Structures are given as structure tokens and as C-alpha cells.
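Novice: Next up is a structure, given as C-alpha cells.
The values are calculated or read from the model by the stated rules, or taken from the named source; none is laboratory data. Keep in mind it's a predicted model, so treat the numbers as computed, not measured. Using ideal geometry, Cβ is built from the backbone for each residue, glycine included, and neighbour counts are taken over all protein chains shown.
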Amino acid sequence: MIAIIDYGAGNIKSLQFALDKLGKTSKLTMDPEEINQADSIILPGVGAFKDAMEALQRYQLDTILKDEAANGKPILGICLGMQLFYEYSEENGGCHGLGLLSGSAKRISDKVKVPHMGWNILQQADQARALLNNLGDEPYVYFVHSYAVDGLEENTLVASADYGGRVPAIVQNKNITGMQFHPEKSGDVGIALLKNYEESIS
Amino acid sequence: MLAKRIIPCLDVDKGRVVKGKKFQDIKDVANPVELAARYNREGADELVFYDITASNEERNIFLDVVEQVAREIAIPFMVGGGIRTIEDIHSVLHAGADKVSVNSAAVQRPELIKESSDKFGSQCIVLSIDAKKTADGDFHVFINGGRKDTGMDAIEWAKQGEALGAGELVVNAMDSDGEKNGYQIELTKKIADAVNIPVIASGGAGKYEHFSKVFTEGIDAALAASVFHYEEIPIPELKEYLSSQGIPMRRRA
């Protein structure tokens, strides 16, 4: 069972429907016992960084996530969920994150329209990873965000997109994986990515 | 590079997709869930659903359609029509929509944009503007399905909408709606130049060239209804054409 962390983060239904299509059982939950019993965890997220961190802290989900991460349980962060893995975000005056990965979220350059909204191409980083198998030519995925991760450890970058500079799109460090875009909203490419991810952890 | 977006728009009345001209002569076209699935297969980048009746009892039929669509397709979709309160926004997002567009209610109470973008995030609050050129050459904002001239300047309203927290704008040109003579480039470009958020052109698509024209003018996305519903312009061919014109397109589903 996949535990989708329930802390009031936007449209979760699409993610559940996408996992249904892959035959994966998921449950929206904030119950520590259920999260502990789950095979893997997904941290979704839309909205503001600070509100999300406060919501996680209110339900002590921050501690649970840190513990599960340390225990090696696979955790996937989507969109803001990925940014929450990092040490810090400068959004709304600044806020500390979960600190599972090193780096921080910075606002996308105003030289381009913000938010970065729409379909952009994933560009593979140096090392090929199984996560990117079978995506075909020009793998477009759907992004919606105003902040992007900066200062990450280069060997954790799996794929990036180009928008007012480099936008880390997929990151991975051991059991921690982040997708800045919405795989559940990225058509066949997104479903293929979720399938690759689920296969890699099962 | 960010692809330009092709967005079919489905007007929904009592659970069916309908189509009219200049907001009139409404005709029944299709089942919204089936049509959404077809557009998804054909490579539409996003979908828009407008609830054009939005009476209370029909609202639940519409929300049911939204949820079925979310189950069926894995591309983003926006919902509009009859959105007046934070609760309305919450109910469509909860049903599975990714974005909500506000129109008349935001004109009457601009704080709705700020309150909703603070609560749900700018990325899901879209300001939809119905505009028409007046005798003195300015573009005015109209409300109530295009029946009432507010006297507000459309470009100023777009800027205010951005400042209040809208994450995207839909510009519905009422003069060109349903006429198939091309998008209202003048208005849409003026708005796109005045803001730093994505702008969706709406109203007037009839030919492939209308799409290439709007994209080469720097507009981010183009919305259309009947040319897609009646398969006058098949989306795969349209994208092939635009791609050959050097416009960045996502070319498969």
C-alpha cells in the first residue's frame, strides 16, 4: 500500500486515479500507524511552502517523514512535495523544509513568465537512470510552479527542464525521489514515469 | 522550451456538451467525458469545462462530470462558470479539477481572487475576462455571460487580476467568439504584454493559421471549441502544422 500524505494539499484525486491505472493501492492518510505500515510514501503538494510545512508540523508528519526517510522507506515528493525535501525555501520571506536533501527553493527568474506553467521537455542529466526508461522522444511533462530547487548535489539530479535557467525536474538520492512536475497530469509520459518509479521500488 | 498549449473548451449544460454562437443558439454536441477522452488521446494539452447553467440542482450533475473526467484523463483541466465563492472553488478542486476560472464574481468582488489564491495557490486561480471593443476603441470588461458592460478597461483589469494573485488569464474576445475569423490579437497581445503570467486566447479560431498567428504574437495558449468538436480542425494535424511553423508543440498524448 502507498500512503499519500494527507495534509490538505490540493487535488489528490488525479494522483489516486493515476495509481489506480497502474494497479497500485493507495490511501490518503495522516495516521502514523498507516504510514508506518505502508510500503512507500508519496508527499503531494500544491500551494505555499510555509503553509505546507506548518500543516506537516501541526500533525507531526514532519517527524514521521524524517523517521521513515531514515529507515529507508521509498518516499516520492511531487511538485511542492519535492521542494519540501530541501533545507529551505525563500518563498514568502523564507521557511525551513524537511532537510532530507541539500539545496533550497528559489524563485524562478522574472525574465520569464512566472509561474512556469505548461508542458516542458525533460532533459536527462549525466547518468542514465532506469526512471527515464521508455519515455520516447521529447518527453514533455506538465509543470506548475513559481520556485525551483537550487544548489542541489549534482549527483542527485536525474532530469531537468530549461525555463529561465535550469529547473531540476527529477531528483533522487537513495530512497528519496522528487518530481517537480505533475506525473499524474503529464499524459502517457507521466504514467510511464510513475510506472518506472513503482517498478524501481517494488 | 515551454510548449504552446492547445486547449479545447467544453461548454456543459445539464451534463452535456453544447455549443452556441456569440453566447446564443445553443446546440447539443456530445457527452463531456467521452469528448474529454477523445481530446486526451488526440494530444490536447489541457481542457476547459464551463458550466453554462450553474443552477443549484444542476451543479451536482456538473461536479459529477468533473470527477468522471478526472478519472478518465491524465492532463490538466480547468473548470469555470458559476464560480462565486471559496466554497464553489473548493468543491470543483475537490472533484478533481486542477484550475478554476473566476469571471463575473471577481469583477463584483475582486478580493475573491486574493482570498482564493492565498488559500489554494495562484497556480489554480485563473481570471477569465470577457471583453469587447467599444465605440471609442477601448476594450471593456463584460459580465453576466457578456450581457453587461462594466465600463472597466480590460487591460487594467488584467493587471489588477495578476496583482491580486491570479496565476493565469483567459481572454475571451466577445466580438470574435463563434465567428471563426481569427483570435482578437490586438486585445490579447496588449494584455499579454501588460502582465507576466500566462495568457490564453479565446474566441474566433477557424483555421490553422489563426493558431500560428496567436502563438507567434507571444500568446501562451489558444482555446477553441467548435472547430475541435466538429473535427473541422483535428488536433494532431494542427500540432503537426504548428510544429512545421517552428512553434514548440507537445506532439503526442
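Novice: Looking at (1) surrounded by 19 or more Cβ atoms within 10 Å (Cβ to Cβ); (2) in contact (Cβ under 8 Å) with a residue 40 or more places away in the chain; (3) within 28 Å of A:Q16 (Cα to Cα); (4) more than 13 Å from chain B (Cβ to nearest Cβ), which is the only condition A:A159 fails?
Specialist: It is condition (2) that A:A159 fails.
Novice: Just checking, does region A:146-167 include any residue being closer than 21 Å to A:I4 by Cα and in contact with a Leu (Cβ under 8 Å, 6 or more places away or on another chain)? Walk me through how you get there before you give the answer.
Specialist: Keep residues of region A:146-167 that are closer than 21 Å to A:I4 by Cα, which gives none.
No; the residues of region A:146-167 include none that is closer than 21 Å to A:I4 by Cα and in contact with a Leu (Cβ under 8 Å, 6 or more places away or on another chain).
Novice: Of everything in region A:42-99, what is assigned to a helix (DSSP H, G or I), modelled with pLDDT of 95 or more and acidic (D, E)? Give them in sequence order.
Specialist: A:D62, A:D67, A:E68
Novice: So which residues in region B:93-107 are in a loop (DSSP other than H, G, I, E, B) and either touching a residue at least 40 places away in the same chain (Cβ under 8 Å) or of a type in the set (A, V, I, L, M) (or both)?
Specialist: So in region B:93-107, the residues in a loop (DSSP other than H, G, I, E, B) come out as B:95-98, B:103.
Correct list: B:A95, B:A97, B:N103.
Novice: Looking only at region A:133-156, how many residues end up being in contact with a helix residue (DSSP H, G or I) (Cβ under 9 Å, 6 or more places away or on another chain) and either on the phi < 0 side of the Ramachandran plot or without any contact (Cβ under 8 Å) to a residue 12 or more places away in the chain (or both)?
Specialist: Within region A:133-156, residues that are in contact with a helix residue (DSSP H, G or I) (Cβ under 9 Å, 6 or more places away or on another chain) and either on the phi < 0 side of the Ramachandran plot or without any contact (Cβ under 8 Å) to a residue 12 or more places away in the chain (or both) number 12.
Novice: Checking the conditions here, which among B:E240, B:E209, B:E231 is within 14 Å of another protein chain (Cβ to nearest Cβ), surrounded by fewer than 17 Cβ atoms within 10 Å (Cβ to Cβ) and farther than 25 Å from A:H116 by Cβ? Talk me through it step by step, then tell me what you get.
Specialist: Working: B:E209 fails: within 14 Å of another protein chain (Cβ to nearest Cβ); B:E231 fails: within 14 Å of another protein chain (Cβ to nearest Cβ).
None of the other options fit; the residue is B:E240.
Novice: Within region B:71-107, take every residue that is among the acidic types (D, E) and either on the phi > 0 side of the Ramachandran plot or within 11 Å of chain A (Cβ to nearest Cβ) (or both) and give me the one that is surrounded by the fewest Cβ atoms within 10 Å (Cβ to Cβ). Steps first, please.
Specialist: Of the residues in region B:71-107, the ones among the acidic types (D, E) are B:72, B:87-88, B:98.
Filter once more, so that each one left must be either on the phi > 0 side of the Ramachandran plot or within 11 Å of chain A (Cβ to nearest Cβ) (or both): B:72, B:98.
On the way: B:E72: 15, B:D98: 25.
The extreme case among them is B:E72.
Novice: Then there is this: For region A:24-34, how many residues are assigned to a helix (DSSP H, G or I) and under 28 Å from A:A148 (Cβ atoms)? Talk me through it step by step, then tell me what you get.
Specialist: First, pick out the residues of region A:24-34 that are assigned to a helix (DSSP H, G or I): A:32-34.
The next check asks that each one be under 28 Å from A:A148 (Cβ atoms); those that pass are none.
Qualifying residue count, region A:24-34: 0.
Novice: If I filter region B:46-56 for residues that are among the acidic types (D, E) and within 21 Å of B:D177 (Cα to Cα), do I get at least one hit?
Specialist: Of region B:46-56, the ones among the acidic types (D, E) are B:46, B:51.
Narrowing the set further to residues that are within 21 Å of B:D177 (Cα to Cα) leaves B:46, B:51.
Yes, there is a match, as at least one residue in region B:46-56 is among the acidic types (D, E) and within 21 Å of B:D177 (Cα to Cα).
Novice: To continue, here is another question. Within region B:144-159, identify whether any single residue is crowded, with 17+ Cβ neighbours inside 10 Å, under 30 Å from A:H116 (Cβ atoms) and of a type in the set (D, E), and answer yes or no.
Specialist: No, region B:144-159 has no match at all.
Novice: For region B:108-126, which residues satisfy the criterion of being outside any helix (DSSP H, G or I) and either acidic (D, E) or more than 14 Å from every other protein chain (Cβ to nearest Cβ) (or both)? Don't jump to the end; show me each part of the working.
Specialist: Taking region B:108-126 first, the residues outside any helix (DSSP H, G or I) are B:109-110, B:121, B:125-126.
Hits for region B:108-126 are B:R109, B:P110.
Novice: Here is a further query. If a residue must be touching an Asp or Glu at 6+ places or on another chain (Cβ under 9 Å) and crowded, with 21+ Cβ neighbours inside 10 Å, how many such residues does region A:62-74 contain? Quick ask: steps written out before the conclusion?
Specialist: Here is the first cut: in region A:62-74, the residues touching an Asp or Glu at 6+ places or on another chain (Cβ under 9 Å) are A:73-74.
If we keep only those that are crowded, with 21+ Cβ neighbours inside 10 Å as well, we get A:74.
Residues in region A:62-74 being touching an Asp or Glu at 6+ places or on another chain (Cβ under 9 Å) and crowded, with 21+ Cβ neighbours inside 10 Å: 1 in total.
Novice: If you scan region A:105-130, which residues turn out to be part of a strand (DSSP E or B) and either surrounded by 20 or more Cβ atoms within 10 Å (Cβ to Cβ) or within 14 Å of chain B (Cβ to nearest Cβ) (or both)?
Specialist: Kept after step one, since they are part of a strand (DSSP E or B), are these residues of region A:105-130: A:105-107, A:116-121, A:123-124.
The answer is A:A105, A:R107, A:H116, A:M117, A:G118, A:W119, A:N120, A:I121, A:Q123.
Novice: Scan region A:86-104 and tell me whether some residue there is in contact with a Leu (Cβ under 8 Å, 6 or more places away or on another chain) and of a type in the set (F, W, Y).
Specialist: yes
Novice: With touching a residue at least 24 places away in the same chain (Cβ under 8 Å) and within 11 Å of chain B (Cβ to nearest Cβ) as the only criterion, which of A:I191, A:I176, A:I170 stands out? Please lay out each step first, then the result.
Specialist: Values: A:I176 fails: within 11 Å of chain B (Cβ to nearest Cβ); A:I170 fails: within 11 Å of chain B (Cβ to nearest Cβ).
Result of the check over A:I191, A:I176, A:I170: A:I191.
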